[in-house]
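The values are calculated or read from the model by the stated rules, or taken from the named source; none is laboratory data. Since the model is a prediction, treat every value here as computed from it, not as a measurement. Backbone-built Cβ (ideal geometry, glycine too); neighbour counts: all protein chains shown.
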Amino acid sequence: MSTEESTTPSTQTTTSANSTQPVIRCESVYKIFGDNAKRMMRETGGVVDAGKFEEAGCIVGVNNASFEVYPGELLIIMGLSGSGKSTLLRCISRLTDATAGEIFIEGQDILTMKNKQLIELRRSKMGMVFQSFALLPHKTVLENIAFPLQVKGESTKDSIERAKQMTELVGLAGRENYFPRQLSGGQQQRVGIARSLAIEPDIWFLDEPFSALDPLIRKEMQDEFLRLQGVLSKTILFVTHDFDEALRLADRIAIMKDGVIEQLDTPANIVLNPATEYVRKFTEEVPREKVLRIDTVMDPVDPAESVSDLKVPQDALIATVAESVLNAGKPVSVVNDNGQIVGTVHATKVIKILFGSRSDNQTSDQVEQP
């Protein structure tokens, strides 16, 4: 596990148990809007005070962002409107040019790439899904999904065959010949997801992909997204303003405010150990059971103890198994991925998490999250 601090007044913590090389690496990335941006950066030596820059006619979009994203990781960038989350995503995909800093994709410095290199990188490595579905209204589901493959030069036959595979993957089999107007909002978003996956990207950028959907369809799309990620294990940058969505989907979360990454950490550590007052206020109403895993409240195995036949996974969130544990009538065995018993969870511990105050849960809060 590694930790690094930014040079901004707030601390941003990065954690990864993965020893492999990062897929994405950002070093002191800035995006300042305004004609005086580069002059102000030179005059201030790279120390950006948002207020002073605003007085000079500039707007600070991203302020000294440094972090890494590892293979198969789902990093969610979140914050309120105007926090800089979408701007940061656009800088990393180079839809917007950063004012200063370095951005590496699989070791390549994308800020030095020529247009031809950048286009090839996007076509071969990147998939993108945005809030706007941006489907072509005169093309069918299959034709919409096949379109980026045909742009790459694949034959109509091969691209349509690939598109058929994608419709099955996202649960649209039987609707291949529908036009966008014949689909619900959730189905249209599935087409957008299928289209971005058709090119088999290594990196997937999603900017508020579900925010235009109603709550029920949004939940269904989150379920579908988790299923796809379980199958595909993409490296993902996902922007949202919805903290519940972030908690549900993320391996790690970066919380932004005024262009600064206030904290970058696991969902549990962000909620249980906020790095700044802003993060604390942002997360103070989040129920502990939504972020604490069973292994944080389990006890060592006692061979003399009588336990229930029920077994729960050690990485299950307490909220997902609490009812079963409370109804078991006896302590419940906790198992690892191989089915081996690694501990025991008692109803009293679960009750304390569910109904105790935040101070009551302080002991659990201090448990280091994987």
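Tabulated data
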| read-out | value |
| --- | --- |
| Positions within the stretch 163-181 being closer than 20 Å to residue 232 by Cα, surrounded by fewer than 19 Cβ atoms within 10 Å (Cβ to Cβ) and in contact with a helix residue (DSSP H, G or I) (Cβ under 6 Å, 6 or more places away or on another chain), in sequence order | 173 |
| Which numbered condition residue 259 misses (of (1) surrounded by fewer than 20 Cβ atoms within 10 Å (Cβ to Cβ); (2) more than 30 Å from residue 323 (Cβ to Cβ); (3) in contact with a Lys or Arg (Cβ under 9 Å, 6 or more places away or on another chain)) | (1) |
| Qualifying residue in the stretch 264-284 (condition: at pLDDT 95 or above and part of a strand (DSSP E or B)) | yes |
| Count - residues of the stretch 174-207 that are touching a Ser or Thr at 6+ places or on another chain (Cβ under 6 Å) and over 14 Å from residue 143 (Cα atoms) | 3 |
| Test: residue in the stretch 110-118 that is in contact with a strand residue (DSSP E or B) (Cβ under 8 Å, 6 or more places away or on another chain) and within 30 Å of residue 45 (Cβ to Cβ) | yes |
| Residues satisfying the stated conditions in the stretch 128-150, i.e. closer than 21 Å to residue 213 by Cα and either in a strand (DSSP E or B) or within 28 Å of the chain's Cα centre (by Cα) (or both) | 128, 129, 130, 131, 132, 133, 134, 135, 136, 141, 144, 145 |
| Pairs, first closer than 19 Å to residue 189 by Cβ in the stretch 116-132, second of a type in the set (S, T, N, Q) and at pLDDT 85 or above, C-beta under 8 Å, six or more apart | 126/93; 127/196; 128/93; 128/196; 129/189; 129/196 |
| Helices (runs of 4 or more DSSP H) lying entirely in the stretch 153-241 (those with 1 or more residues that are of a type in the set (D, E, K, R) and within 30 Å of residue 81 (Cα to Cα)) | 185-198, 215-232 |
| Some residue of the stretch 209-228 being aromatic (Phe, Trp, Tyr), in the same structural domain as residue 148 (by TED's automatic domain parsing), at pLDDT 90 or above and on the phi < 0 side of the Ramachandran plot | no |
